[in-house]
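Remarks on the structure that follows.
Throughout, read-outs are computed from the coordinates displayed, never taken from laboratory work. Keep in mind the model is a prediction, meaning the values are calculated, not measured. Cβ placement follows ideal geometry from the backbone for every residue including glycine, while neighbour counts extend to all protein chains displayed.
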Amino acid sequence: MIVVRRPELSWAERLFLPGFWEGLKVTWRHFVDRLTGKTRVTLQYPEERPPIPPGYRGAPVLVKDEEGREKCVSCQLCEFICPPRAIRIVPGEIPEDSPYAKVEKAPEEFWIDMTRCIFCGYCEEVCPEEAIFLLPQYYSLNGRSRSELLHDKAKLYEMGGILPLPIRKWADK
């Protein structure tokens, strides 16, 4: 058995004076840095928001055309391409008596689980109808439970709004 002897402490070390002075030095340095503006202050979120980094893509949302119609035709390419499987689509049919029945289908249900989304942008790239976009103003997605971060079709359209683009699937050719 090996015995390791403790070092002998001086009387100042036994009174914890060196540790006390080291702590005071750190506190004084932080105080001076704060007064001179070297230290950042915590933002008062959500009133104050940090700047968005230049490469940030944003959160996926669904958009409608300028007349408020759904652009999504429920092709499910975004669901198949999504690496973490955050997108779920239940395809639905458009009624035959509708003036827009020439479009094959529309999503009956559409969910994006924001707890799983990795903001890669593959869904936006693969969409043939340009119905899903990553919008950078949605970088602060939060909720009190996981169910609040499961965005359904209504929530996705509310976030996306109307985005006029050159693809006109409804127009007569």
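Which distance in nm do the two modelled labels at Ala12 and Glu130 give, with both placed 7 Å along the Cα-to-Cβ direction?
According to this spin-label approximation, the distance is 7.4 nm.
From the C-alpha gyration tensor of segment 59-160, pull out the three semi-axes of the equivalent ellipsoid (sqrt of 5λ each), sorted largest to smallest, in whole Å.
Over the Cα atoms of segment 59-160, the ellipsoid semi-axes are 23, 14, 13 Å.
Which whole-number percent is the relative contact order of the chain (Cα, under 8 Å, 6+ apart)?
Numbers: 223 pairs, mean separation 45.2, N = 173.
Dividing the mean separation by the residue count of the chain yields 26 percent.
Which whole-number percent is the relative contact order of segment 59-160 (Cα, under 8 Å, 6+ apart)?
About 38 percent, as a whole number.
Gain in length, Asp97 to Ile118, computed as 0.36 nm per residue apart minus the alpha-carbon separation, to one decimal in nm?
Answer, rounded to one decimal: 3.6 nm.
List the cysteines of the chain that have no other Cys Cβ closer than 4.7 Å: which are they?
Those would be Cys72, Cys75, Cys82, Cys117, Cys120, Cys127, since no other cysteine Cβ in the chain comes under 4.7 Å of theirs.
What value, in deg cm²/dmol to 500, does the helix sum -39500 (n - 2.57) over DSSP H runs of n ≥ 4 give at 222 nm once divided by the residues of the chain?
Calculated from helices alone, the mean residue ellipticity at 222 nm is -6500 deg cm²/dmol.
So between Val41 and Glu109, what do we pick up on full extension, going 0.36 nm a residue minus the alpha carbon distance?
20.1 nm
How much of the pair distance distribution for the chain lies past 23 Å, counting alpha-carbon pairs only, in percent?
59 percent
For the chain: lysine pairs with Cα atoms under 27 Å, gap of 8 or more or different chains, count?
Count of close lysine pairs: 23.
What base-10 log of the normalised intensity I(q)/I(0) is obtained for segment 1-82 from the Debye formula, alpha carbons as equal point scatterers, at q = 0.15, 0.21, 0.26 Å⁻¹?
-0.90, -1.12, -1.20
Compute the angle between helix 17-36 and the longest alpha-carbon principal axis of the chain, please, reported from 0 to 90 degrees and rounded to the nearest 10.
Taking the Cα atoms of the chain, the angle to 17-36 is about 40 degrees.
Report the antiparallel proportion of the DSSP beta bridges in the chain as a percent, rounded to a multiple of 5.
Around 95 percent of the beta bridges assigned by DSSP in the chain are antiparallel ones.
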